[in-house]
Structures are given as C-alpha cells and as structure tokens.
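What follows is a short report on a single structure.
The values are calculated or read from the model by the stated rules, or taken from the named source; none is laboratory data. Being a predicted model, the structure only gives us computed values, none of them experimental. All Cβ positions, even for glycine, are placed from backbone atoms using ideal geometry, and neighbour counts span all protein chains on display. The accessibility values were calculated without ligands, DNA or RNA, using every heavy atom of the protein model including side chains. Shrake-Rupley method; radii C 1.70, N 1.55, O 1.52, S 1.80 Å.
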4 protein chains.
Amino acid sequence: MTPSLIDLLTAARVYDLEQPRFAGMPIHPAHRPGYFYALHRRHRDTYRPAAQGPRSSASGVLTMMEHSGTHLDALCHQAKELKMFGGVEVDSAETPAGFSKLGIETVPPLLRRGVLLDVCGWRNESRLSPRYGITADDLAGCATAQGVEVRSGDVLLVRTGYGALWSGDEPTYLDAAGVSKAGTLWAAERMVAAVGADNMAWDVPDERDPETGSTLFAHLYLLPQKGIYIIENLNLEELARDRRWVFAFLAAPLKLEGATGSPVRPLALV
Amino acid sequence: MTPSLIDLLTAARVYDLEQPRFAGMPIHPAHRPGYFYALHRRHRDTYRPAAQGPRSSASGVLTMMEHSGTHLDALCHQAKELKMFGGVEVDSAETPAGFSKLGIETVPPLLRRGVLLDVCGWRNESRLSPRYGITADDLAGCATAQGVEVRSGDVLLVRTGYGALWSGDEPTYLDAAGVSKAGTLWAAERMVAAVGADNMAWDVPDERDPETGSTLFAHLYLLPQKGIYIIENLNLEELARDRRWVFAFLAAPLKLEGATGSPVRPLALV
Amino acid sequence: MTPSLIDLLTAARVYDLEQPRFAGMPIHPAHRPGYFYALHRRHRDTYRPAAQGPRSSASGVLTMMEHSGTHLDALCHQAKELKMFGGVEVDSAETPAGFSKLGIETVPPLLRRGVLLDVCGWRNESRLSPRYGITADDLAGCATAQGVEVRSGDVLLVRTGYGALWSGDEPTYLDAAGVSKAGTLWAAERMVAAVGADNMAWDVPDERDPETGSTLFAHLYLLPQKGIYIIENLNLEELARDRRWVFAFLAAPLKLEGATGSPVRPLALV
Amino acid sequence: MTPSLIDLLTAARVYDLEQPRFAGMPIHPAHRPGYFYALHRRHRDTYRPAAQGPRSSASGVLTMMEHSGTHLDALCHQAKELKMFGGVEVDSAETPAGFSKLGIETVPPLLRRGVLLDVCGWRNESRLSPRYGITADDLAGCATAQGVEVRSGDVLLVRTGYGALWSGDEPTYLDAAGVSKAGTLWAAERMVAAVGADNMAWDVPDERDPETGSTLFAHLYLLPQKGIYIIENLNLEELARDRRWVFAFLAAPLKLEGATGSPVRPLALV
C-alpha cells in the first residue's frame, strides 16, 4: 500500500488554498493588529569571511494573531454558555499561556475527502452580494448542479468569490457573503469533519441567529456543539477555475500549545 | 486516480513529526527569545448573554522567531559570499519586511517519498554522543542495514535521538549530535529535495568546515548552493519505534512573505 | 540648594504632555502596526488562597514601534547621505539589535527651559489648516505676541491644534499642519536642544525641501546635522489653554539600547 | 517662582537610576521572555537619493513585558482576595486590552522628595547576602547613621547592592536580598508615596509572610492595601557612591492604557 500512496501523492496536482501572509492583509477587527514580520538579522550582520568563512544568515521575528490569514479554529475558540465542546467549562481551561484543554495542539492533521461547492460560480456571479447568506438550498442546488455529494467526514469548502479580493481590498473583503444558519445546519447534518470558506468567518458578517441572538451562528454551533472545525480565509479561486469539486484535502495546524487556532496551508490534491 | 488517492490518504497511518510549541521550548541562541503565546481575550470578556446570546470567543497573540520549533529553512536564510541560491545577491533582496526573493512563500508544499535513517537506533544507542558527527559511512551503513535506498527527490530524515529531549532538557538538546560535512555531501549527492533531523540544525553544533572555516556546513552548502531545504527540530521517535523507514512525507510551510523560514507540522504517512 | 529644588518641584503645577497610549491610536504608516497591549495574566490565574495566601497578580505583554505615541527621536533615526550626526556612517552602527552608536540610550534626560509657541491660538484657529507649513514669521510673530523669547538650550514646543484629535480621528490627525523648512531653520538658529509639536512629525506631511528633494526637512536637518532632538505627538492643549508659554520641561527617554527612539511622558512644570 | 524652578532644574546634578534595557537583561521568571528589540528598517532601505533626496531613516519594533527592566508597578498589578486598591474587584476591571481601572495611566508623574537608605553600604558590604531580609531596624539604623529622615510623601529607595550585577549575572541578581515584611511595614508607616530598590521586587525572593502565607509581602500590602507604588530594578550605585541621601526624585510612567506597570527612567536631582 505504501508505495502506491507515495506514487499517487508525488504525482498529484497540488492546489494551494492558503492566502499569502503580509502586513496589511485583511484582518477581522477583533484580531487587530493581525500580522507583522520584521527582518532584523541580515546577511551582512553575520558575514565575517576572514574569521568565520563565507557563510552568513538572516532571520526575523513574527508577531501575529492566531486568527490572521488562512487558519483553522480550535474548539476552544468558541463557547456556548461558557461551555466548550464536550461541556468543558471555560474557567477550567483558560490560562495566561492558553487553554489547557481543546487547544489547537489537540487537532489532528486533516487528511480527508474534500468537496468544493462553488456557490458563486453556480450562480454565475464573480462574487456573491455583500452579506448574502448562502442557504441550504444554495448548497444542495450547487451540489446537484456540480454532481457531487457531501459525505460524512468530508471537509466542505464553500466559495463566495471574496477570496479574489485578499490582496488589496480589505473593506470589501470584510463585508463578504457567507453561509447562513440554514446552510451551516445543512453542512452539520452531513457530518462533515470541517468546513471552510474564502471569507473571514464562514458565517455572514454580523448576521444574528433569531433564536439565540448570537452573531456567527456556525461559530456557536459547529465548534462548541458539534466539534466541527472551521477554516477561514481560503483561496479557492484556482480550484473553482479548474472545476475541481472533489479532491484529497490536507491541512496540518501547528501544535501551538493552548492556542485557539493556527495558521495553515491547506492543500487540495487531485 | 483521484478516488484512490483520497482512499489511500484517508486510510493512512499518520506519524506526526512536529514537536509541540510552548514558551520555554529549546531555542538556538541566535533565535532568542524564540516563542511566546499570550491568551488575552477570554470567553467571559465577550459573554453578554442578554444582549448578544450565548456565544463567546477567546483568542491570543503569538510572538515567534520563524526558526523556532519544528521548521523549514527558506533558501534566503543562508548565503555564501553574500550570494543566495541562484546567485541572488543579498543586498538585492533584503527589505525591512523580509526578502523580495527566495522567501519562504516561494517554497512549494513538500509531498515526497520520505526515508528515515535511524542512525542512533542502528548504532544501538538511545542517543548519539554530544556533538558526534554522523559520517557518510554511517548513513550508507544505516541505509544498508535498514534495507532502504535514498533516491533523487526524496526527503531524507536522520535520527540522532535528541528529539526525545525536546520537552525539558534544553542544554542537552542544544549540545546534540548532528550530520557531519561528509554526511551532508552524501545526502546532496543523492539529490534529495530536503533533509531533516531531530536536532536544532541538522549540522553538528559549532563544527567548522576545515576548507572554508564556516560552521553549519549544510547551511552553507545545501541552501545557497544546492537549493536543498533543511527541516529542523523534528520528532522522529514514533517513526523509529515502529521502524517506518520509507513513507509518504508531507510538509507545507506557511507563505509568510519574505520570511526566512516557517514553522511546519510535517507528517509521515504509511 | 537641594531643599529648594525639592520644594519647588513638589509644589509645581504639572502639565502632562503625553498622549494616552492604546491600540488604534494614530500611527504614521511607516510605523504600523504601531502599538498593542495584551493582558494575559489575570488575577484569578495566580489566586490560590489555600496554598499561597490572598495575593494575586496580573500582567501583560506589549508590542510597539518605538515611534508610536508621544516619543523622542534618537539621532540614529535619521541620516543624510547615509551619515548620521557627527559623520557616523550608518553601516558602521546598524546591528539586528539596534544601533551601536547614537541609540536612544545615549540621550540624556532633558531638563530644560521650555517654551510653547501656540501658533494655532495666536492665529485664532481651533487648528491650523491641513498641511499648513508654519513659517519663520509665524514663529517670530507668535513669540512676540506671547512676549516670550526662545533661547539657546531650550526645548521649543509648537502647537498646531491637531493634538486635540488624538483619540478618534486618525485620518485628520495624520493630515496635520506642521513646521515648514523656514520655521525649522528659525528654531535651529536659536540653538534649541529639542523641538516638539502636537502632530506626528513636527514637519509638514509630505512637504518636500526644494533644495534637496527630501520630505521631512527637520528630520534631515535637525537630527543628522544639528543634533537637535524631535519630540512628536505631544498634547499641548492644557498648556495652551492656561497660556503657559514658559516652563520647566522634563522628558526622560528610556534607555532602550540601540533603539531609534523612545516613548516619553514629557512634563511641563510651572 | 517659575524662573527659579527652571534655574534650579537646569543646574541640577542628575543621577540616572534606570538600568539599561537589552535582550538578555535579568527578568523575573513570571515575566519571560522579557524584552526584545529588533531593528528592521535600516537606512539603506529608504535611501533613494535620486528620487527622494539625501534623507533616510531607520526604526525597529519592541516586544516587552511591562515588568521588565526598571519599572513602576500600577495598583492593578496586585490584589488581595481578588480586590485591588480601594476595594475594586478584579473581575470588574480586567479586559483583554488591560485594566479599565487602576491601570498605569492613572499614576501621576512622581515628583517627590527622595531618600536613599544605603543599607548595603551602611553594613559595609558590597552587597547583602542572598535572600537577606532587610529589617525595620536596618532601615531605622541606616537612616540614623545617614542622618536622614523619611517623611510622608517621600519616595524611599533602598540599596541592596545587587544593582551592580544587572549586566551579566542574572542568576545572582535574581537571588538578591530584599526588604522584609517588617521593613515594608516601617516604610508604610512613614506614609511614603512610593518605594523602590535595586533588585527585582523590593521584596525578598520567595519569602513568605507567616501570617497570610503569601510571598512578596510588599506587593500584597503596599499596592492593594496602601496605594503605595513599587519601583523595581533601580540602579542606585552612583547615588550611593556620592552619598546622596536626599534628592529631588522624578519618574514619569508611560500612560500605557490598562497596563499593570510601565518602564521608567527615574532621576535623582541634587
């Protein structure tokens, strides 16, 4: 079995679903200042050819919110009535250095069947209207039109079209379309392992669940109640352009002990 | 082809080669202060059930050197006579925000045949002597004993045994064994895509190349001259315990624009 | 002598010239992301009354550009033709950890006669027009009207009126009035020890010196050529309201070794 | 009155009581990683003489705990039974961005009569024994021998001799002498405005108050119960050498909104 996995893997076409990371990339207001990299050690600083030979090195320092850029939310990121997934009380797990339970280091690498529902393409729009809430019917209709099925254990990716605005139009990007409550319920019913979208939150910005009054319904439902991960700020443009609806999905969050999320470079392989 | 890749991938046994990340983990002196995560937003801070429903969220801020923890070096990390890989002059690429060429964002995801040479196990030692330099003969002998071949394009991982000391014994960890110049040349001759080890540098700490006078020979040779990536601070304990010498190797560095390296969570699949 | 200094000092009326520091305060685009404080250790985290008694503590972590908020520029912050004050070549002093010469730690505490020229008040404006360049005649006229003299060794503060916009109107604040080239020359002729203003840069934003083509003339002239310090983002509102034109000025930059500036809390005592 | 304050201030001999700040300076384990400055923007990065004239600039980024180096503790830094000074409940004031009450921005500039009790010099020791607890009798005896009186509203500084070890001997520095419970009570009885010492904490490391079981008695008593500030990591060497027992004391903490302390550059003027 091993050889053929190696063979298939090394021969696969790889789609890179991570947006580039740079100071000034779009960031949710709650996660400002977001991301900053400073190159402080430059090659000439360590270049001492007479004493130390021809080698020199350079390096920098990174300051970042764990919810900047393309990233995966840990289960500890959200709670319902101060309880996280599995009924863990927030007070029992919060420490200055992060969560003692349900931190991102507890998330296994995701190696899953992946499905893209290109709702934006299916509706023949370059991107969906700002704050449009993708419905369950949208997801079901798009899946039918694409001829794909969402199965238990899958990673379900939904395209709004806003990923194309990553570099350079933060205001529009932050005012994206997203998946409505009904769409989120549809995904959860299919028992996916994770969901992801090419916007800041999967959810529709500021949309309130009429039942509970909470914003970001998926954050309330999928993480603390269902244990389903959310991946944000994906780049789904190439995948959609090539009409790759089904693929092998890979994402391996970093084991940042106690953190509430991790940057990831998700891949789709076909 | 796609379905079978999905099938094989989702059925694979996954070995996680990343060491956990926490404040106080071993760090090379050149990369202090290393790593720090602060959880500043806690659930009760955003919990306003009457006004905003039952949802709350938590998050933190991360300060880290890109060469902390398990990570992959970008080609811009090292230079020879102030030239990086491909002859790129360091002065032409350094900016306050990182390198305009050869930054970590230019490294493709690594999906490769992987080979582990468990030199430490082959020599029946729990770990090699401090500062022992693994020779070409060691690598060749170990490969023969394990019955494996290192091929062009592979990711070659070498086990010193020091990875077992990650959590709790920084002084010993920093004084590890590594791969000598001859061992590095042996790997390069096999035209591997990347090398990695369960120590801080792949190289032997402080060992000087008699020819050039430089420390960290592999950093001088593999990165600026051969374009071969180096992965550091791997956890190879489980892989060795299970005697998995050949596997599908996956590592996807983050596209931190201009950075000289990236944390990674490398995986071995069998 | 000592007792009377103590007596006078403890009896003095103190004007606080520092703007408050908070995430989101105005920041020059070159110094983004500016300022961020995260409280990560909270009292309950260390509260273990049974084992450790009733004491608990809290603390946080600060990430900041040294040119954020009210601050003083070190001489190494600026160069003319790659030479800093005293002809020090930039290449001879730059290191990853800061400047080995002319860093902010070399700046003595400033305890000086201070003079405020309230140009904005003198012109009966609540604030000067955006990008208005305060001329030498403005400064001389204002000094005459106020009946004050600027003397050698003084700290000269100039009020544009923009300091009142610190909390809440970054775009207008960044588009402030400032001191023109002629005004800067007038100050330098008086051989002041330092200048300061209630805007981002003392200088007029984006104004170019017709002779050299450089923006920020005072940054080119005062720091590398004259050794005169610049203090930015002052709050001069109370001082102006009370018409305190002459006072004892105090500011003590932190000895951040090698840094190009330091936050300060300047005081005016009368 | 103003002119003479200016005259006295500008003529004063200034003693700088701040220790230099650099990566690797001593830090209390609770406040690691402490302090880090990275110079990322160098002069050549902005030097474009043809297009922009001869001016260039450099700057960096600072990451620091507010309790690193010479600093002043805010009242919110400590609590007794989860109540801070004035009975403020910690839960009512903690936010992700700091304290909404009793933050360092509420501390006025300290311009006070200052008194140095050089206990170490009085006992003819180069520094006191590790973990020696300075008693009330020590303070009273030293004051008598020096011929000075500690008065209400003073800033009281106590010298252990450990300040001389700031640069280069962190283990010894962290194992310093300090002021015992009785010494702290003696200071508080004199109704000083602030206390300070040339060690990490004023208090004796790890000494427990037999009555409450808490370590750092002064942190429990002075901050939450008495509203007396604590200044740590002072450099008192020059002041002691010159036998300056009484002086004008100045320290102006930065208005870091919500922070639990601030770096300061305290001065003694005679």
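Among the residues of the stretch B:144-161, the one identified as of a type in the set (S, T, N, Q), assigned to a loop (DSSP other than H, G, I, E, B) and over 21 Å from B:Asn233 (Cβ atoms) is B:Ser152. Specify the residue that is nearest to A:Arg127 (Cα to Cα); the eligible residues are those in the stretch A:150-187 that are small (Gly, Ala, Ser) and open to solvent by less than 10 Å² (accessible area, probe 1.4 Å). Within the stretch A:150-187, the match that is nearest to A:Arg127 (Cα to Cα) is A:Gly161.
For the stretch D:2-59, a residue qualifies if it is among the acidic types (Asp, Glu) and more than 8 Å from every other protein chain (Cβ to nearest Cβ), and exactly one does: D:Asp7. Selection over the stretch A:12-45 of residues that are among the aliphatic types (A, V, I, L, M), open to solvent by 30 Å² or more (accessible area, probe 1.4 Å) and out of contact with any Pro (no Cβ under 9 Å at 6 or more places or on another chain) gives a count of 1.
Looking only at residues in the stretch D:222-270 that are in contact with a Pro (Cβ under 6 Å, 6 or more places away or on another chain) and of a type outside the set (A, V, I, L, M), which one is least open to solvent (accessible area, probe 1.4 Å)? It would help to see each step written out before you state the result.
Within the stretch D:222-270, the subset in contact with a Pro (Cβ under 6 Å, 6 or more places away or on another chain) is D:251-252, D:254-255, D:257, D:262, D:264, D:267.
Within this subset, residues satisfying the condition of being of a type outside the set (A, V, I, L, M) are D:255, D:257, D:262.
Values: D:Lys255: 28, D:Glu257: 73, D:Ser262: 0 Å².
Step by step, filter the stretch D:222-270, then rank; the result is D:Ser262.
Residue check: is A:Gly69 on the phi > 0 side of the Ramachandran plot and either touching a strand residue (DSSP E or B) at 6+ places or on another chain (Cβ under 7 Å) or in a strand (DSSP E or B) (or both)? It is true that A:Gly69 is on the phi > 0 side of the Ramachandran plot and either touching a strand residue (DSSP E or B) at 6+ places or on another chain (Cβ under 7 Å) or in a strand (DSSP E or B) (or both). The set of residues in the stretch D:60-80 being in contact with a helix residue (DSSP H, G or I) (Cβ under 7 Å, 6 or more places away or on another chain) and either crowded, with 24+ Cβ neighbours inside 10 Å or aromatic (Phe, Trp, Tyr) (or both) consists of D:Met65, D:His67, D:Ser68, D:Asp73, D:Ala74, D:Leu75, D:His77, D:Gln78, D:Ala79.
Beta carbons closer than 8 Å, at least 6 apart along the sequence or on distinct chains, pair a first residue in the stretch B:230-245 that is touching a residue at least 60 places away in the same chain (Cβ under 8 Å) with a second that is in a loop (DSSP other than H, G, I, E, B) and hydroxyl-bearing (Ser, Thr, Tyr) for B:Ile231/B:Thr70; B:Glu232/B:Thr70; B:Asn233/B:Thr70; B:Leu234/B:Thr70; B:Asn235/B:Thr70. Residues in the stretch B:193-215 that are among the small types (Gly, Ala, Ser) and part of a loop (DSSP other than H, G, I, E, B): B:Ala193, B:Ala201, B:Gly213, B:Ser214.
Considering A:Ala187, A:Ala176, A:Ala79, A:Ala145, the condition of being away from every other protein chain (no Cβ under 14 Å), farther than 16 Å from A:Val204 by Cβ and aliphatic (A, V, I, L, M) is satisfied by A:Ala145 alone.
Could you check the stretch A:216-250 and list, in sequence order, the residues that are assigned to a strand (DSSP E or B) and at the interface with chain B (Cβ under 8 Å from one of its Cβ atoms)?
A:Val246, A:Phe247, A:Ala248, A:Leu250, listed by residue number.
Of everything in the stretch B:108-143 that is among the acidic types (Asp, Glu) and either part of a loop (DSSP other than H, G, I, E, B) or in contact with a Leu (Cβ under 9 Å, 6 or more places away or on another chain) (or both), the residue that is farthest from B:Val246 (Cα to Cα) is B:Glu125. Here D:Gly69 passes the criteria (1) within 7 Å of another protein chain (Cβ to nearest Cβ); (2) within 23 Å of B:Ala38 (Cα to Cα); (3) not aliphatic (A, V, I, L, M) except the one numbered (1).
Note on the stretch C:119-148: residues that are of a type in the set (A, V, I, L, M) and open to solvent by 40 Å² or more (accessible area, probe 1.4 Å) total 1.
Answer yes if at least one residue in the stretch A:90-107 is assigned to a helix (DSSP H, G or I), within 14 Å of chain B (Cβ to nearest Cβ), over 21 Å from the mean Cα position of the chain (by Cα) and surrounded by 15 or more Cβ atoms within 10 Å (Cβ to Cβ), and no otherwise. Yes, there is a match, as at least one residue in the stretch A:90-107 is assigned to a helix (DSSP H, G or I), within 14 Å of chain B (Cβ to nearest Cβ), over 21 Å from the mean Cα position of the chain (by Cα) and surrounded by 15 or more Cβ atoms within 10 Å (Cβ to Cβ). Of all positions in the stretch A:191-207, at least one carries a residue that is closer than 17 Å to A:Phe85 by Cα, in contact with a Gly (Cβ under 6 Å, 6 or more places away or on another chain) and either of a type in the set (A, V, I, L, M) or surrounded by fewer than 24 Cβ atoms within 10 Å (Cβ to Cβ) (or both).
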